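Notes follow the structure.
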């Protein structure tokens, strides 16, 4: 049975967020607030969704993006590891999490692509 102590610690640190929960996915856990997928827990590390507005906050502190291997290729996702000092401070962690949730919400609100009209 996997050790859930890190997952429980992170969920406790984020308990001020609405309906925060972790859901198992591909050997890791996805973090959700309401229906917004904003974080990943993997191998004792926490990653938050990033975008052009927030990525520099992570990279300036030397925090890497989330990567995984698929069919022999390393894939990179728009999620970066949360700095350890932020993880240890619930108030600060909530601020970073809210930015990640806002990015996840903005992504889910983009209009669907219009279907191309077929030529007759």
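For residue 15, work out the one condition from (1) touching a strand residue (DSSP E or B) at 6+ places or on another chain (Cβ under 7 Å); (2) assigned to a loop (DSSP other than H, G, I, E, B) it doesn't fulfil.
(1)
Just the residues that are surrounded by 15 or more Cβ atoms within 10 Å (Cβ to Cβ) and under 14 Å from residue 77 (Cα atoms), please, taken from segment 36-53.
37, 38, 39, 40, 41, 42, 46, 47, 48, 49, 50 - these are the residues of segment 36-53 that are surrounded by 15 or more Cβ atoms within 10 Å (Cβ to Cβ) and under 14 Å from residue 77 (Cα atoms).
For residues that are surrounded by 11 or more Cβ atoms within 10 Å (Cβ to Cβ) and either more than 20 Å from residue 101 (Cβ to Cβ) or touching a strand residue (DSSP E or B) at 6+ places or on another chain (Cβ under 6 Å) (or both), tally how many sit in segment 77-86.
6
All of the numbers you see were taken from the coordinates with simple rules; none came from a lab. Since this is a predicted model, take the numbers as computed values, not measurements. All Cβ positions, even for glycine, are placed from backbone atoms using ideal geometry, and neighbour counts span all protein chains on display.
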